[in-house]
Amino acid sequence: MKFMEGALEFDFSSALSAEKLDDHKIFPPIEGMKFVDFLIEEKSMLILIEVKDPSQYKGSASDPI
């Protein structure tokens, strides 16, 4: 399973399943809440991935993360 997020390609071929939640036209159950970009199922864990482009961040080096 390969997915594109912006210019980045993610390969989750070894995962049991992988979903790009942005591709689903559903809304989170809580108003104002957002989904993560990817939900990956491995044999013994679920992995949640949120992809961010740091070049779009306009803060300073002293800003908390």
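Rule-based calculations on the coordinates, nothing more; no lab input. Keep in mind that this is a model prediction, so the values were computed, not measured. Ideal geometry is used to build each Cβ from the backbone, glycine not excepted, and the neighbour counts take in all protein chains shown.
Data for the structure
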| read-out | value |
| --- | --- |
| Cα-centred dipole magnitude for region 2-52, charges only on beta-carbon of K, R (+1) and D, E (-1), debye, nearest 20 | 40 |
| ³J(HN,Hα), Karplus 6.51/-1.76/1.60, whole Hz, each residue of region 33-50, x for Gly, Pro | 7, 10, 7, 6, 6, 10, 10, 10, 9, 9, 4, 10, 7, 10, 10, 9, 10, 10 |
| Partner aspartates and glutamates for residue 20 [C-alpha distance under 18 Å; skip if fewer than 8 residues away on the same chain] | 5, 9, 11, 37, 41, 42, 50, 53 |
| Given the chain, longest segment not containing exposed loop GluC sites (Glu not before Pro) (DSSP; at most 15 other Cβ within 10 Å) | 1-30 |
